[in-house]
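Each remark here refers to the structure printed beneath this line.
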Amino acid sequence: QVQLVESGGGLVQAGGSLRLSCAASGSIFRIHRMGWYRQVPGKQRELVATITSSGNTNYADSVKGRFTISRDNAKNTVYVQMNSLKPEDTAVYYCNAVVATTWNSNGMDYWGKGTLVTVSS
């Protein structure tokens with residue numbers, strides 16, 4: 001079993017910043033891609049940003065230039081620094097990781113329970 005625990009959500013005014021963290025624990029052999037997704041009620045979950053084990057990143061167009069994803073492989077932790085926040089960034093943010101639990105297993109998707117980010121205007 002693998003657990004992902006997010007932290008760092010909260011209420012912030014437009015133009016402010018927040019930093020989300022997500023720590024993975026459990027039966028981890030290797031973590032491949034890690035990332036952040038977000039969801040608002042009534043809409044599909046959407047990509048925010050992802051980062052591979054070698055540090056290659058991918059961002060949604062809506063957050064490029066404002067959000068920065070990073071990871072600490074030694075701590076099995078992924079971060080997203082969110083700057084210049086807008087009310088439309090309000091959502092529940094979910095951590096995702098593709099984790100191999102043994103040396104010969106394929107990676108499987110794991111999700112955190114989510115953390116709420118609210119940006120007031």
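Structural remarks
- Eligible aspartates and glutamates near LYS43 by straight Cα distance, threshold 16 Å, same-chain separation 8 or greater: GLU88, ASP89
- Normalised by the number of residues in the chain, the mean separation of alpha-carbon contacts (under 8 Å, six or more apart) gives a relative contact order of 36 percent.
- Label point 7 Å beyond Cα of TRP111 along Cβ direction - residues of segment 60-94 with amide nitrogen under 18 Å: 91-94
- Check: the chain dipole with +1 on Lys, Arg Cβ and -1 on Asp, Glu Cβ, in debye: 80
- Protection proxy ranking, peptides 79-88, 28-37, 54-63, 100-109, average beta carbon neighbours within 10 Å, highest first: 28-37, 79-88, 54-63, 100-109
- Packing-based order for 67-74, 90-97, using average beta carbon neighbours within 10 Å, highest first: 90-97, 67-74
- Net charge of the neighbourhood of LEU4, taken over other residues with C-beta under 12 Å away and scored Lys/Arg +1, Asp/Glu -1, is -1.
- Once both labels are positioned 7 Å from their Cα atoms along Cα-to-Cβ, the gap between ASN104 and ARG45 label points is 3.1 nm.
- Expressed per residue, the C-alpha convex hull volume of the chain stands at 96 Å³.
- Charge tally in the Cβ shell below 12 Å around VAL40, where Lys, Arg are +1 and Asp, Glu are -1, VAL40 excluded: 0
Bear in mind these aren't lab numbers, they're just calculated from the coordinates by the rules spelled out. Model, not experiment: these values are computed from the prediction. Ideal geometry is used to build each Cβ from the backbone, glycine not excepted, and the neighbour counts take in all protein chains shown.
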